[in-house]
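Engineer: Structure in structure tokens, see below.
The values are calculated or read from the model by the stated rules, or taken from the named source; none is laboratory data. This one's a predicted model, so the numbers in the text were calculated from it and none came from an experiment. All Cβ positions, glycine included, derive from the backbone under ideal geometry; neighbour counts span all protein chains shown. Ligands, DNA and RNA are excluded from the accessible area calculation, which covers all protein heavy atoms including side chains. Shrake-Rupley method; radii C 1.70, N 1.55, O 1.52, S 1.80 Å.
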Amino acid sequence: MSNSFAAAASAPPHGSAGSFDYTKDDFLLISNLLREETGIHLQDSKSTLVYSRIAKRVRALGLSSFGAYCEHISRDNAERQIMIEALTTNTTNFFRENHHFEYLHKELVGTLVEAARKRRPVRIWSSASSSGQEPYSIALTILGVAPDAPKLDIRILATDVNSQMVARGAAGTYDEEEVREIPAAQLSRYFTKSTSESGHRYTATHEIKKLISFQQLNLFENWPMRRRFDVIFCRNVMIYFSAETQMGLWQRLVEKLDYGGCLFIGHSERVTGECAAHLDPIGITAYRKRVGQRS
Ligand SMILES: C[S@@+](CC[C@H](N)C(=O)[O-])C[C@H]1O[C@@H](n2cnc3c(N)ncnc32)[C@H](O)[C@@H]1O
């Protein structure tokens, strides 16, 4: 690799087969584009990560350098989306940061289900839902209290900028390792097991899927949802954005939360800006929007 910018540790050595020219300008162009489109802010230290994730695309397109790839994405919107999806970090699991689901179970679901039984629509938003484990964990928590929830007007909106992750969530198929946090009784009730050479797979049933609507949505674009939400999960995504970007997004999220509604955020995140004054802490990284406050 001539003109190497990526750290030698993970980038292929100079001149080896399959290596591509990669300059600091290439990294800057890619990272600026990613930030403009998704808010994701990559430090210089992520240069190697960019190389390793995008080199596959350079190769697949038959290009010889990152410079040629940068030129390509300036003309090709579809490839720009592929690039974005290659650079998002989608780590997640069922019942991640379980204290949120415990709170949902103990303090919220009863009231929400009661409201739904009185024909008030209940709306929950998993706003960076990755491959679906978070919205399915919300659904399983609701079903644990109210097995008839799919017959009520309770809906979980699951959105993510990464369309491949959204498609995975909508398909709802997970391997044995991924479902290990799901209690056995719920796994057998709400997932169908299939077996192939690569092991067991579990696919969410129609019953649980009825509670969730998966849609691709970039948090920095317009939000088409008209209603406010009773509960918003916005976890482990703000960490990828700059402090200023985070502040603007917190404001929009709190505006989209109903009075008395709850916001769950990631373990290393913190609500910043004026809107924080409208939230009361109710648990670990969990907040309730004060009733009667404008925001
Ligand atoms: C680390 S995962 C967190 C998943 C889940 N919320 C959790 O806590 O387990 C972060 C997700 O945020 C998504 N993401 C990043 N930027 C986004 C944006 N601008 N709009 C919507 N989703 C975004 C990524 O695609 C990724 O799936």
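Engineer: Filter segment 270-283 down to residues that are surrounded by 18 or more Cβ atoms within 10 Å (Cβ to Cβ) and not β-branched (Val, Ile, Thr) and give me whichever is farthest from the chain's Cα centre (by Cα).
Structural biologist: His278
Yes or no, residue by residue, for (1) closer than 20 Å to Val161 by Cα; (2) of a type in the set (A, V, I, L, M, F, W, C); (3) not assigned by TED's automatic domain parsing to the domain that holds Asn218:
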{"site": "Ser31", "(1), (2), (3)": "yes, no, yes"}
{"site": "Arg35", "(1), (2), (3)": "yes, no, yes"}
{"site": "Ile40", "(1), (2), (3)": "yes, yes, yes"}
{"site": "Asp44", "(1), (2), (3)": "no, no, yes"}
{"site": "Lys56", "(1), (2), (3)": "no, no, yes"}
{"site": "Leu61", "(1), (2), (3)": "no, yes, yes"}
{"site": "Ser65", "(1), (2), (3)": "no, no, yes"}
{"site": "Tyr69", "(1), (2), (3)": "no, no, yes"}
{"site": "Arg75", "(1), (2), (3)": "no, no, yes"}
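Engineer: Which condition number does Gln133 fail, the rest of (1) in the same structural domain as Tyr240 (by TED's automatic domain parsing); (2) within 22 Å of His267 (Cβ to Cβ); (3) open to solvent by 10 Å² or more (accessible area, probe 1.4 Å) being met?
Structural biologist: Of everything listed in (1) in the same structural domain as Tyr240 (by TED's automatic domain parsing); (2) within 22 Å of His267 (Cβ to Cβ); (3) open to solvent by 10 Å² or more (accessible area, probe 1.4 Å), Gln133 misses just condition (3).
Engineer: Could you please find all residues in segment 17-74 being away from the ligand (no atom under 16 Å from the Cβ), of a type outside the set (Gly, Ala, Ser) and surrounded by fewer than 16 Cβ atoms within 10 Å (Cβ to Cβ)?
Structural biologist: Lys24, Asp25, Leu28, Asp44, Lys56, Arg59, Leu61, Glu71
Engineer: Another question, if that's okay. Hey, could you check segment 95-116 for residues that are more than 16 Å from the ligand (Cβ to nearest atom) and surrounded by 14 or more Cβ atoms within 10 Å (Cβ to Cβ) and say which is nearest to Gln186 (Cα to Cα)?
Structural biologist: Of the residues in segment 95-116, the ones more than 16 Å from the ligand (Cβ to nearest atom) are 105-116.
With the extra rule that they be surrounded by 14 or more Cβ atoms within 10 Å (Cβ to Cβ), the set shrinks to 105, 107-109, 112-113, 115-116.
Values: His105: 15, Glu107: 20, Leu108: 20, Val109: 17, Leu112: 21, Val113: 19, Ala115: 24, Ala116: 22 Å.
It comes out as His105.
Engineer: Confirm whether Glu255 is of a type in the set (D, E, K, R), out of contact with any Phe, Trp or Tyr (no Cβ under 6 Å at 6 or more places or on another chain), surrounded by fewer than 20 Cβ atoms within 10 Å (Cβ to Cβ) and not assigned by TED's automatic domain parsing to the domain that holds Gln43. Working first, answer last.
Structural biologist: Values: of a type in the set (D, E, K, R): yes; out of contact with any Phe, Trp or Tyr (no Cβ under 6 Å at 6 or more places or on another chain): yes; surrounded by fewer than 20 Cβ atoms within 10 Å (Cβ to Cβ): yes; not assigned by TED's automatic domain parsing to the domain that holds Gln43: yes.
So Glu255 passes the test.
Engineer: Residues that are closer than 28 Å to Arg290 by Cβ: find the strands (runs of 3 or more DSSP E) completely inside segment 178-259 holding 1 or more of those.
Structural biologist: Numbers: elements: 191-196, 199-204, 212-216, 229-234.
The strands (runs of 3 or more DSSP E) meeting that bar are 229-234.
Engineer: Let me ask something additional. So which residues in segment 260-294 are at pLDDT below 95 and either over 16 Å from Asp230 (Cβ atoms) or in a helix (DSSP H, G or I) (or both), if there are any at all? Steps first, please.
Structural biologist: The initial filter retains those residues of segment 260-294 that are at pLDDT below 95, namely 291-294.
Of everything in segment 260-294, those that are at pLDDT below 95 and either over 16 Å from Asp230 (Cβ atoms) or in a helix (DSSP H, G or I) (or both) turn out to be Gly292, Gln293, Arg294.
Engineer: Considering only residues that are away from the ligand (no atom under 16 Å from the Cβ) and closer than 21 Å to Arg288 by Cα, look in segment 117-130 and name the one that is most open to solvent (accessible area, probe 1.4 Å).
Structural biologist: Filtering segment 117-130 for residues away from the ligand (no atom under 16 Å from the Cβ) gives 117-123.
Of the ones still in play, those that are also closer than 21 Å to Arg288 by Cα are 120-123.
Details: Arg120: 97, Pro121: 32, Val122: 1, Arg123: 45 Å².
The extreme case among them is Arg120.
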